[in-house]
Amino acid sequence: MYFSVVIPVYNRSKELIRALRSLARQTIKNFEVIVVDDGSVEKIAEEIRKVVSEAGELNIQLLRHDKNINGAAARNTGISKAQGEFILFLDSDDTWQESKLAKIQEAIKAYKGDKNNVVFHHPYQNFRAGKLEAAFPVVAKKEDESVAYYSFVINQIGGLQSSTLCVSASLCKRVGFDPSLKGHQDWDFCLRLEAAHAQFFFLEEALSVRYLGDNHSVAASLNWQFSLEFLRKRQRHFSKTAKVGYLQNIIARKAIYNDQSRELLLNFIALRMGILGAAMWPFWRTVIKERTRARLRYRQFIYSLSPGIKNLILWGKNNYSQKFILHASATFNVLCIIDRNAEADEKFFGVDVLAIHRVEEHTWKMCDAVVLMTDNHSGSMKKDLAQVRPEMSPFVYQY
């Protein structure tokens, strides 16, 4: 039995070292590693080349896209070159337990069904603020449960994550990832695996770790409109109950509305999807709760500021920064938004979005404070800021 491990990477080299070390520690060695650089900037691309060249203990190859596309396209490139009977995925900022491949191999050997039409998956643990959190998910998907019901009703917030999946090569190459999606790629992959009649086999032990404090996650930067559009496009995979679960547990947590027109629009779309009457109450209850939390969060932030602060740089392009810009335009002047994945000439609600190295000197001089728009990444953000502008450290606030 031979495995292929596909690692998509974009503008990460230090995290990739950690991921590759976790592969080097695997207790079995019958696997290849395919690292796909999804168009990293040249400096980091060179660092990635060096990291891969120094991983001599692994059977490893490096592929590179000429331009950045997304993680789905990078995984598909890796899938197309994979030689293994089974393909696994490891995000470049995640790690595996050293026994993972051995446990997967045991599960495959013990599985009595069609090994070419099965998805093996397991719980993962989040590493956040220096602590390893409890394993998630904790229950297996029942045979009569859909992927959507399992993800958004039972688990509420997903649970089928790319670094936890092992798929037969034939099935993986037949289904592939959808490169048109900028997010929710692993959810979509699993929904379409199910549509291809794949069975899901759950290993109870947590065998991978997600490091939430190191980088901005793609999912966190997606707004509720994108998540709603994803549901609209993939609704054939959702029962009515699964739709309500997704609306309540995914969209409503993002959707902190500004005016009634947006609520009416969302309600109209939801009704068009066949979600009617009392079934909508859990969704709207969550929306009301999130709106209240957002207003309280903003008031608490205002009270925390030192007097005289007017010009701000926001760090992080997400729902928090969106709401802050819309709420605070009369009180503060937002100079720019720092975001690791900023594109050329990008704007977010009228504000320039820049990578930290592209913020000009005169902007830093005007800035009274940097505001971290996050719950999860403040430690790494402060570290990055201290390297670039150490004099700003007393003026960092968390929204």
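The values are calculated or read from the model by the stated rules, or taken from the named source; none is laboratory data. Computed from a predicted model, the values in this text were never measured in an experiment. In this analysis, Cβ positions are derived from the backbone assuming ideal geometry, glycine residues included, and neighbour counts consider all displayed protein chains.
Laid out as a table, the results:
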quantity	calculated
Residue, surrounded by the fewest Cβ atoms within 10 Å (Cβ to Cβ), within segment 81-106, restricted to residues that are over 23 Å from the mean Cα position of the chain (by Cα) and among the polar types (S, T, N, Q)	GLN83
All positions within segment 61-111 that are polar (S, T, N, Q) and closer than 15 Å to VAL33 by Cα	GLN61, ASN76, THR77, SER80, GLN83, SER92, THR95
Residue list for segment 314-338, restricted to those being closer than 30 Å to ILE44 by Cα and in contact with a Phe, Trp or Tyr (Cβ under 8 Å, 6 or more places away or on another chain)	LEU314, LYS317, ASN319, TYR320, SER321, GLN322, VAL334, ILE337, ILE338
Residue in segment 46-64 that is nearest to SER13 (Cα to Cα), counting only those that are touching a strand residue (DSSP E or B) at 6+ places or on another chain (Cβ under 7 Å) and surrounded by fewer than 18 Cβ atoms within 10 Å (Cβ to Cβ)	ARG49
Meets criteria (of a type in the set (Lys, Arg) and in contact (Cβ under 8 Å) with a residue 24 or more places away in the chain) for ARG49	no
Residue match in segment 116-128 (condition: aliphatic (A, V, I, L, M), crowded, with 22+ Cβ neighbours inside 10 Å and closer than 21 Å to GLY183 by Cβ)	yes
The listed residue being modelled with pLDDT under 80 and assigned to a loop (DSSP other than H, G, I, E, B), out of ILE269, ILE256	ILE256
Residue within segment 122-140 that is modelled with pLDDT under 95, farther than 13 Å from LEU203 by Cα and of a type in the set (Phe, Trp, Tyr) present	yes
Selection status of LYS233, at pLDDT 95 or above, out of contact with any Gly (no Cβ under 9 Å at 6 or more places or on another chain), surrounded by fewer than 22 Cβ atoms within 10 Å (Cβ to Cβ) and charged (D, E, K, R)	no
